[in-house]
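Worksheet: one structure, shown below.
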Amino acid sequence: MQSVEELKPETEIVPLLKLVDDATLAAALQAAKDNALAFESASAPANQAMEQLEKSLTAGEKAMARDFTVARMRFNGSRYDIKARLNQSIANL
């Protein structure tokens, strides 16, 4: 995996990949998928809380709504970055 992440040439990677048996690969793939699902489960309460907070803002509180929108966008950006890294780990396998 390190060779792939370091973008080593295919001629260096192929011999290493031949050493990995199907069971090991399947276990690694399942672990990566489990990590992605665990992140989704762990972040679900925060997502729900953000939605509830957004609904509780009144229309007259424009400054607060704007600040909340910025915070929500930062939160979602971080969440999407983590999801992308987890998905990339799955794809690398």
Checklist (1) surrounded by 11 or more Cβ atoms within 10 Å (Cβ to Cβ); (2) at positive phi applied to Leu7, failing item: (1)
Give region 45-62 a look and list any residue that's among the polar types (S, T, N, Q) and assigned to a helix (DSSP H, G or I), or say none. Asn47, Gln48, Gln52, Ser56
Considering region 1-15 alone, what residues qualify as being in a helix (DSSP H, G or I) and within 12 Å of Ser89 (Cβ to Cβ)? Val4, Glu5
Residue pairs qualifying under the 7 Å Cβ cut-off, at least six apart or on distinct chains, with the first in region 68-80 being part of a helix (DSSP H, G or I) and the second being surrounded by 11 or more Cβ atoms within 10 Å (Cβ to Cβ) and of a type in the set (A, V, I, L, M), are Phe68/Leu53; Phe68/Leu57; Arg72/Met50; Phe75/Met50
I'm trying to understand the selection: among the residues of region 21-63, which are touching a Phe, Trp or Tyr at 6+ places or on another chain (Cβ under 8 Å) and of a type in the set (Asp, Glu)? Glu54
Tally the residues that are over 18 Å from Glu40 (Cα atoms) and either surrounded by fewer than 11 Cβ atoms within 10 Å (Cβ to Cβ) or touching a Pro at 6+ places or on another chain (Cβ under 6 Å) (or both), restricting the search to region 67-92. 1
Inspect all residues belonging to region 16-28 and state whether any of them is assigned to a helix (DSSP H, G or I) and exposed (fewer than 10 other Cβ atoms within 10 Å of the Cβ). yes
Select from region 31-72 the residues that are at pLDDT 90 or above and of a type in the set (Gly, Ala, Ser) and list them in ascending order. Ala31, Ala32, Ala36, Ala38, Ser41, Ala42, Ser43, Ala44, Ala46, Ala49, Ala71
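The values are calculated or read from the model by the stated rules, or taken from the named source; none is laboratory data. Quick caveat: nothing in here was measured; it's all calculated off a predicted structure. Virtual Cβ from ideal backbone geometry, glycine too; neighbours counted across all protein chains shown.
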